[in-house]
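Just below is one structure, and these are the notes that go with it.
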Amino acid sequence: MIHPKQKFTSYYDVLQLLRKYNTFVYTGDLEADALLIEMELAELRDNEMIDQATYLQAVLLVKKRVREEKEWKS
């Protein structure tokens, strides 16, 4: 399990977390990537490979990245 005190500050940190579990997500579409990443994070949480706090923090960063991308495009 990932150390519960580990802090994530960016979308890149979330990708690195997934990489530790040999999970790589890239479809070329950020929104599709975000959906797949959230599903992978839920699987890691459900299998007790990451704790709830890590899961929530990672999901928030993914959602923030999608929101920033949408704002940048508009």
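The values are calculated or read from the model by the stated rules, or taken from the named source; none is laboratory data. Keep in mind that what you see is a predicted model, and the values were worked out from it rather than measured. Cβ atoms come from the backbone with ideal geometry, glycine included; neighbour counts cover every protein chain shown.
Take segment 35-45 and flag every residue that is in contact with a Phe, Trp or Tyr (Cβ under 9 Å, 6 or more places away or on another chain) and over 11 Å from Leu18 (Cβ atoms). Scanning segment 35-45 gives Ala42, Arg45. Consider Glu71 carefully, then state whether it is assigned to a helix (DSSP H, G or I), out of contact with any Asp or Glu (no Cβ under 6 Å at 6 or more places or on another chain) and surrounded by 11 or more Cβ atoms within 10 Å (Cβ to Cβ). No, not satisfied.
Applying a threshold of 6 Å to beta carbon distances and a minimum spacing of six or more residues, or different chains, the list of pairs starting in segment 39-68 at a residue that is within 18 Å of Tyr11 (Cα to Cα) and assigned to a helix (DSSP H, G or I) and ending at one that is basic (Lys, Arg) and at pLDDT 95 or above reads Tyr55/Arg45.
Against the test of being surrounded by 11 or more Cβ atoms within 10 Å (Cβ to Cβ) and either among the hydrophobic types (A, V, I, L, M, F, W, C) or within 11 Å of the chain's Cα centre (by Cα) (or both), the options Lys20, Lys63 yield a single qualifying residue, Lys63. When the test is whether a residue is out of contact with any Ser or Thr (no Cβ under 6 Å at 6 or more places or on another chain) and surrounded by 12 or more Cβ atoms within 10 Å (Cβ to Cβ), Arg45 passes it.
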